[in-house]
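Written below as structure tokens is the structure these notes are about.
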Amino acid sequence: MSREEPSKISEVFRTTGQPTITYVQRDSGNYERRLNGYLDEAGQLCLITGPSKTGKTTLYKQVLNQRGEIPLIVQCTEGRNCEEIWRVALEGVNFDRVVEKSQGTNTSISAEAEVSSTFGWKWLAGITGALKGSFNRDTSEGEVRERILSNPSPDLLIPILKETRYVLVIEDFHYLEESQKILLFQQWKRFVDNEISIIVLGTTHRAVDIANSNRDLVGRISRIDVGHWDESDLIKICDAGFGYLRCQIAEKLSKKICSEAVGLPIIVQQICLQIFSSQSIFLVSAARKKKISVRESNVVSSFYDVATEKYRQFESYYSTLIRGPREKNRKYRTYELVLACFTVDPITFSLTRAEIDSRISKLEIDASEKPPAASLNSTLGALKKFQTKREFQLLEWRPTEDTLYIVEPSFLFYVRWRKKKSGNSGEQLDLFEELLRNLNVKASNMLLISKAQNDNMGDF
């Protein structure tokens, strides 16, 4: 079946759902090949880790779609326990959909008829021994389903995953409480023993830690750490979208978009879409007719629009973080400085303790304002409690790794573009923004000095 051509620019630069025109295989398709291979190897726990919005969901949906398999998705939330996870998974089963997908394959007619007449809630109850002797031929599918869901367990999912084209996907694993994470991995051994592969998504490495500590899962863990996107792969999104719309964008502007997108494909999509929306161009046909040439002012303006329209929810978190706890009693503005470390190039989603010290030493502030090691250690140790109490988590300090992770990279994009950049010397900036400006000025001065030195060398 041929792909339906998009009529709207929002269908080219997709900010939600699965991209088509602008879908990019990272690292020349390496991630897709690896996940496909892991799923082929029965009984694997496929752990996909990486910061939020780096394409974990897009990756597994693309691979499952190519394999003709159906994701059975369970979203984890705080407070959700294992029993609820199995119930949600069972509630998501649609046997009618399984039949339809099975009939779409190259199976024989007799096999199709057998599947169509067999799969259902009664089939599940019979094959698992659930409700044994408590229902008969007159019991409806709905009644059996209701009674199965009243006592959910992983054993009820095993035949569904084994006999149908469903693949269990656990999203947002990091939200579960620690005790439930450990219990879940213990129960997953049943799937492994039955040669059933599962996909688990999380923003942190905690799933990997738990899996590696479970002896029963040794040799059955396959991990893909998607991390941040390389600029070269992000540029392919721009090239694919603008090429499809037959519009020109200079290479330096594509690079500018992708360098400021903090490694997130969704931000590249949002900025590119905003470039057209800000000029009231919404249809593919209109973009092709006008054949616009993108200017730097369009790009910079779109940075601000995306930051303030798409990521406005970060405003209160930003203000809370830079104040820190006990604002009036603090001698050092350590929270602001820790945040500022993430603005020093190169852009990264994690910093070791040594890297934090190195980056703070590069900030243009008085020596008296630089916090001592004890203040930094105290700040890093208090981050989790401070954020949890205020019901958000943007940063995570992992003492066992001596590393600080930024859980939500789009927060960094918001911080950099939350205000329009202007040349007004009287503009009121908070400390964090002053640091950003100083860093940018320092970088510009270093480039000028380097250029002057190179020019002078040419005279000899």
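In this entry, I224 passes the filter for residues that are on the phi < 0 side of the Ramachandran plot and at pLDDT below 95.
For first residues located in region 345-371 and farther than 16 Å from I406 by Cα and open to solvent by less than 70 Å² (accessible area, probe 1.4 Å), partners that are aromatic (F, W, Y) and not in a helix (DSSP H, G or I) and lie 6+ apart or on another chain with Cβ distances below 6 Å form the pairs P371/Y332. If you scan region 14-51, which residues turn out to be within 28 Å of E396 (Cβ to Cβ), open to solvent by less than 20 Å² (accessible area, probe 1.4 Å) and either of a type in the set (A, V, I, L, M, F, W, C) or assigned to a loop (DSSP other than H, G, I, E, B) (or both)? Scanning region 14-51 gives V24, L35, Q44, L45, C46, L47, I48, G50, P51.
Hand me the list of helices (runs of 4 or more DSSP H) wholly inside region 104-170 holding 3 or more residues that are modelled with pLDDT under 75 and open to solvent by 50 Å² or more (accessible area, probe 1.4 Å).
Because the criterion is at least 3 residues that are modelled with pLDDT under 75 and open to solvent by 50 Å² or more (accessible area, probe 1.4 Å), the helices (runs of 4 or more DSSP H) in region 104-170 that meet it are 109-118.
Checking each residue in region 291-333 for being at pLDDT below 90 and either open to solvent by less than 70 Å² (accessible area, probe 1.4 Å) or under 24 Å from I267 (Cα atoms) (or both) picks out K291, I292, S293, Y318, S319, T320, L321, I322, G324, P325, R330, Y332. Residue count for region 256-300, restricted to those that are among the polar types (S, T, N, Q) and in contact (Cβ under 8 Å) with a residue 24 or more places away in the chain: 8. Y60 fulfils the conditions (1) under 24 Å from H228 (Cβ atoms); (2) out of contact with any Phe, Trp or Tyr (no Cβ under 9 Å at 6 or more places or on another chain); (3) open to solvent by 20 Å² or more (accessible area, probe 1.4 Å) except for a single criterion, (3).
The values are calculated or read from the model by the stated rules, or taken from the named source; none is laboratory data. Please read all numbers here as calculations on a predicted model, not as lab measurements. Glycine also receives a Cβ, built like all others from the backbone with ideal geometry; neighbour counts cover every protein chain displayed. These area figures cover heavy atoms from the full protein model, side chains too; ligands, DNA and RNA do not enter into them. Shrake-Rupley method; radii C 1.70, N 1.55, O 1.52, S 1.80 Å.
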